[in-house]
Amino acid sequence: MLSRVADSIYWLNRYIERAENVARFVDVNLNLLLDSPSDVTQQWEPLVLTTGDLPLFRKSYGEASAEAVIHFLAFDSNNPNSILSCLQFARENARSVREIISSEMWEQVNAFYLMVKDTAQICPSHHQMSEFFSQVKLSSHLFAGVMDATMTHNEGWNFGQIGRLLERADKTARILDVKYFILLPSIGDVGTTLDQLQWMALLKSASAYEMYRKCGQHRITPTGVAEFLILSREFPRSTRFCLLQAERSLQQITGTPIGTWRSPVERTLGRLRSDLDYLTIDDIVQTGLHEFLDALQSQMNEIDSKIYDTFFALEAVS
Amino acid sequence: MRFFDYDPGDFYDELFVDKGQPRPESVPLIERINSLPEGELLRRQEAAQIAFFKMGITFNVYGDGQGTERIFPFDIIPRILAAHEWDYLERGLKQRIQALNLFLSDIYHDQKIVKDGLIPLDLIYSASGFLEPCIGLNPPEGIWCHITGTDLVRDRDGRWYVLEDNLRCPSGVSYVLENRRVMKSTFPLVFNTMPIQPVEEYPSHLLETLLNLAPAHLLDPTVVVLTPGIYNSAYFEHSFLAQQMGVELVEGRDLVVVDGYLQMRTTKGLKRVDVIYRRVDDIFIDPLTFRPDSLLGIPGLMDVYRAGRVGIANALGTGVADDKVIYAYVPQMIRYYLGEDPILENVPTYLCWEPEQQSHVLSNLDKLVVKSANESGGYGMLIGPHATPLEREVFAEKIQAAPRNYIAQPTLCLSRVPVIAQDLIEGCHVDLRPYILYGKDIFVNPGGLTRVALKKGSLVVNSSQGGGSKDTWVVCKS
């Protein structure tokens, strides 16, 4: 398969997944606020802080109000990670490979893009946004489903899977990180109802609440939530699950047997995945959750850049 | 909305002989439309437009800055061609392509047609599509123009004329196929009752034509479609054709010349390419041979091509015959190379480089259409009867400054087809672009693209100038 085409399918999936997760991000905050006592000041800055877009945000908006942050993350075309930008990039990528992907996939990306673009034009009010974010999540799921059911599970499909799974692994880690930056009114509130409600809201925004309740440890504790979202082997949005699946797709592409490696990307991904296989949540807590998530994210960035070097780089052949 | 009040007026109408009197081959369609409940035709028209929008079948407009995408407007009332008419066009087109191909081969080799005094040498060398590096080239089986999209029009009296030959990278065939797909769901009953010739074979014929170019000893040659990229106005078509043929769609940056072969960069290393259907203009295709600033091409491709290690369709250098001055000589080419009388006529053409013809043109600017010899897409032209005195003056100066670059033709009154306009049906001017493939044999896809000038009274049908399209039905004898 052409390197450029593989690259485009990879990014098509990353951008769709990114749009979905931005919607989840904002949703977690909207949910948190609904449960907060009215005297607690709204905290919106953590959202742009965790996505790493704070400098860009400050430059064009200054103060982090609800309206400003939501607009920035959803519809600002100057923000390369806004939902609108993600859909624009996703569609560009899809357009450049539309003869490779199925027509149904293309039509779904196109419809998704048109929905976001049309919504951006009408400047929806606060309460309409919640409906919009559900639409975004649903459209992303639709795309993944259409791709799964209509495209041959070949090399291109596997590159798409890797793109989606790496993006999801990264964003689940970041959603967890949002809680780190959300301050409780006082240190004494740790472990209170408010704290508890915040963790529940967080689980919900990763569609993990019900599954968490079913997984054996019914009580909601910070370490329990972190363990579930990072280390679950079976929950499809947990970081470990995503990396496990991404590794499978990578092996489908390269044909290297499990547990061995030939290219640097197989080694980096395999190593990170096996780390997660043998880590316990206590190890993570000991490192510090935020520090651990930070390190995890930079390892995932490294995987992305090695995928590029191994499969997509178009440097002149000498 | 019905046809009862539709008046073809003082024009040649493709569906009607006269008011209330459809041509025999259109009767079943007109009856069907007249039997639809009120509002149903408009509803189907809207459904068809939405289908195009959802499928994302769009084109980009040049000079728009933003690379804005538009939908090629589509009108669901088809244009219908009777079988005997199509037979005539098909014969005429095959003859013309054969002669043009012999001409291309001749001028890049012995130039007999020049030596025998039919065409002056400097006209050929001054045609922008003439490429000196192509002299002496021997494309496989002597075929140069594999894919042609000839523009035909008919005048008020119903006579057909060839307007342009388009031997480089004619576009639009994807709309023929997509229009038909949409039409089948728009008028399913009509397709059951009328013997409409299918158009869906085109991709298979195109693939055969391309495979015919691969070096003979190869068992499983690799064919690719070369596109300038997603910002090109015809990008949809490039990807559509690659998809329909099941071949790879590549950009210049995917390709590289290594070890004397053309190769593409894949996730598993380099892979040899044997045939390119190029949708990139000749002069951009190899920066080492042609335009050094081209980013779309592949350095060194020309050497691989000359060595016969890659087939290219169309061959490089075919653009010389798209020059509108050279076009004027096609009837002579047919007589010269084939010894036959041309079946299809050219539009009478005045060549401004000939002093006598130039003075005729200058004194009749208000009646003529003046065209620049090397432009297409409806750019760089003057429609005399519709122009202001100032515009005509500007063109007169241009003609005198560079007579070689201009030709003039009488203003034809293009035939019309009924079009749905808001809440009534009115006649709009059309042309016809059939697609001709030259492989082992010459194949003409039945029908072609009917482009329609949707602006009322307008004669310009190009998509970049507000034109739309219609499905074209060749109705066989039943």
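The values are calculated or read from the model by the stated rules, or taken from the named source; none is laboratory data. Since the model is a prediction, treat every value here as computed from it, not as a measurement. Heads up, the Cβs are rebuilt from the backbone with ideal geometry, glycines too, and the neighbour counts pull from every protein chain shown.
Listed values, structure above:
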| quantity | calculated |
| --- | --- |
| Conditions (1) in a helix (DSSP H, G or I); (2) within 14 Å of chain B (Cβ to nearest Cβ); (3) in contact (Cβ under 8 Å) with a residue 24 or more places away in the chain; number of the one not met by A:V48 | (2) |
| Restricting segment B:240-283 to residues that are farther than 16 Å from B:G300 by Cα and small (G, A, S), the residue that is surrounded by the most Cβ atoms within 10 Å (Cβ to Cβ) | B:A242 |
| Top-ranked residue of segment A:96-144 - restricted to ones that are within 11 Å of chain B (Cβ to nearest Cβ) and modelled with pLDDT under 90, ranked as farthest from A:R4 (Cα to Cα) | A:S103 |
| Pair list, Cβ < 6 Å and 6+ apart or interchain, from segment A:257-278 residues that are on the phi < 0 side of the Ramachandran plot and surrounded by 12 or more Cβ atoms within 10 Å (Cβ to Cβ) to residues that are among the hydrophobic types (A, V, I, L, M, F, W, C) and outside any helix (DSSP H, G or I) | A:R267/A:W261; A:G270/A:W261 |
| Condition met for A:A64 (in contact with a helix residue (DSSP H, G or I) (Cβ under 9 Å, 6 or more places away or on another chain) and not in a loop (DSSP other than H, G, I, E, B)) | no |
| Candidate set from segment A:301-318 (those that are within 19 Å of A:Q251 (Cβ to Cβ) and acidic (D, E)); member that is modelled with the lowest pLDDT | A:D309 |
| Pair list, Cβ under 6 Å, 6 or more apart: segment A:1-20 residue of a type in the set (K, R), other residue in a helix (DSSP H, G or I) | A:R4/B:D254; A:R14/A:G163; A:R14/A:E167; A:R18/A:C86; A:R18/A:E167 |
| So A:F89, is it in contact with a helix residue (DSSP H, G or I) (Cβ under 7 Å, 6 or more places away or on another chain), closer than 20 Å to B:T227 by Cα and assigned to a helix (DSSP H, G or I) | yes |
| Among the residues listed as B:P389, B:P342, B:P348, the single one being exposed (fewer than 15 other Cβ atoms within 10 Å of the Cβ) and in contact with a Pro (Cβ under 8 Å, 6 or more places away or on another chain) | B:P348 |
| Filtered residues of segment A:81-94 (kept if surrounded by 22 or more Cβ atoms within 10 Å (Cβ to Cβ) and within 14 Å of chain B (Cβ to nearest Cβ)) | A:L87, A:A90, A:R91, A:N93, A:A94 |
| The listed residue being surrounded by fewer than 21 Cβ atoms within 10 Å (Cβ to Cβ), basic (K, R) and either in contact with a strand residue (DSSP E or B) (Cβ under 9 Å, 6 or more places away or on another chain) or within 21 Å of A:E17 (Cβ to Cβ) (or both), out of A:R168, A:R174, A:R213 | A:R174 |
| Residue that is surrounded by the most Cβ atoms within 10 Å (Cβ to Cβ) [pool: residues in segment B:189-239 that are under 30 Å from B:R32 (Cα atoms) and touching a Pro at 6+ places or on another chain (Cβ under 8 Å)] | B:V199 |
| Failed item, numbered, when B:G297 is tested on (1) more than 21 Å from B:P170 (Cβ to Cβ); (2) more than 14 Å from chain A (Cβ to nearest Cβ); (3) buried (at least 18 other Cβ atoms within 10 Å of the Cβ) | (1) |
| Any hit, segment B:137-145, residues being out of contact with any helix residue (DSSP H, G or I) (no Cβ under 8 Å at 6 or more places or on another chain), buried (at least 21 other Cβ atoms within 10 Å of the Cβ) and in the same structural domain as B:L262 (by TED's automatic domain parsing) | yes |
| Members of segment B:104-129 that are modelled with pLDDT of 95 or more and closer than 18 Å to B:R291 by Cβ | none |
| Residue in segment B:88-136 that is surrounded by the most Cβ atoms within 10 Å (Cβ to Cβ), counting only those that are among the polar types (S, T, N, Q) and free of Cβ contacts under 8 Å to residues at least 60 places away in the same chain | B:S105 |
| Subset of segment B:340-389 (residues that are of a type in the set (S, T, Y), assigned to a loop (DSSP other than H, G, I, E, B) and over 28 Å from B:R96 (Cα atoms)) | B:T388 |
| Qualifying residue in segment B:6-26 (condition: in a helix (DSSP H, G or I) and surrounded by fewer than 18 Cβ atoms within 10 Å (Cβ to Cβ)) | yes |
| Residue satisfying all of: in segment B:242-283; under 18 Å from A:R4 (Cβ atoms) and in contact with a Gly (Cβ under 8 Å, 6 or more places away or on another chain); nearest to the other protein chains (Cβ to nearest Cβ) among these | B:E251 |
| Out of A:S130, A:S125, sole residue that is hydroxyl-bearing (S, T, Y) and either touching a residue at least 12 places away in the same chain (Cβ under 8 Å) or on the phi > 0 side of the Ramachandran plot (or both) | A:S130 |
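Listed here are the residues, each with its yes/no results for (1) without any contact (Cβ under 8 Å) to a residue 40 or more places away in the chain; (2) farther than 29 Å from B:Y406 by Cβ.
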| site | (1), (2) |
| --- | --- |
| B:F290 | no, no |
| B:G297 | no, yes |
| B:R306 | no, yes |
| B:G317 | no, no |
| B:V325 | no, no |
| B:A328 | no, no |
| B:P331 | yes, no |
| B:I334 | no, no |
